[in-house]
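Heads up: the structure comes next, in structure tokens.
Just so you know, all these numbers are worked out from the coordinates, no wet-lab data involved. Small disclaimer: the values here were computed from a predicted structure and weren't measured. Cβ placement follows ideal geometry from the backbone for every residue including glycine, while neighbour counts extend to all protein chains displayed.
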Amino acid sequence: QPPKPKKTWELNNFDIGRLLGRGKFGNVYLAREKESQFVVALKVLFKRQIGESNVEHQVRREIEIQSHLRHPHILRLYAYFHDDVRIYLILEYAPQGTLFNALQAQPSKRFDERQSATYIKSLCSALLYLHERDIIHRDIKPENLLLGHKGVLKIADFGWSVHEPNSMRMTLCGTVDYLPPEMVQGKPHTKNVDLWSLGVLCFELLVGHAPFYSKNYDETYKKILKVEYKLPEQISKAAAHLISKLLVLNPQHRLPLDQVLVHPWILAHTK
Ligand SMILES: COc1ccc(C(=O)Nc2ccccc2)cc1NC(=O)CCSCc1cnc2[nH]ccc2c1
């Protein structure tokens, strides 16, 4: 069972294990709560860096929102605590790592339709849950999706989720492959940005690379703004249809999540 919510936690309640990942604001470690032996991921955020990037209000709001989210495909934030230098997030540990690594580990570097549709369906239900709470994730990509016990998909990184509508200019770090046209143009964006990313992810899971992948940012931007991508023949017509309904320039015309969930391709390949 997850650790019972105590009034306060502190660092010496945990045995710290290996480094799981490095983030902009701090690192994530495997950890085990001593009393319950419950394994968690402990994310350490440095107050100074948070202060410098004056996102402390965002972290506080973020943690407030996160700790109330309960969904099988959303990584849990169990609790948090801080000392005078750091903020500690007690997070669910996903034992099968990132979807990015799982994709790389595939001999073909891609997934079959059943596995891809299963991931897309899980992500869809998690996004519906977030959108109902006016939370836009904005950063759906394989690096930010984790795999729990039995390979169950978990939306993980919330370092950038914001409340809708929002035009906060996101400092671009990491891949721009998943950015929708409206964000590339710095326009105000809505939860429909997550629909575009869902389409990009669906393409990448089936094909093995992102649809607008190019040798540099500018080339990628150009392709995104022109919605210029080629679907290899090996992709089924049903999958191609779903992707074409999500990679749509006008955010309002993208297939809504509840319709993605009952799209023929999803129904055909998931139980
Ligand atoms: C609910 O989740 C989160 C909630 C909040 C934040 C966050 O950083 N918020 C923030 C920070 C600074 C400024 C503003 C907001 C991050 C996460 N989630 C992760 O960071 C996922 C990877 S850490 C966990 C984890 C688990 N299981 C694994 N298995 C392998 C690696 C791995 C890694």
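Quick one: what Rg and Dmax do you get for region 16-125 from the alpha carbons, in Å?
16.3, 49
Mind sorting ASP218, ASP177 by how few other Cβ atoms lie within 10 Å of their own Cβ, fewest first?
Going from sparsest to densest Cβ surroundings: ASP218, ASP177.
Going Cα to Cα from LYS230, which lysines come in below 22 Å? Please leave out same-chain ones fewer than 8 positions away.
LYS230 reaches LYS109, LYS141, LYS215, LYS222, LYS245.
Can you give the convex hull volume per residue for the Cα atoms of region 209-263, as a whole number of Å³?
That works out to 90 Å³ per residue.
With only alpha-carbon atoms in the gyration tensor, what are the semi-axes of the equivalent ellipsoid for the chain, in Å, largest first?
Semi-axes, largest first: 32, 21, 17 Å.
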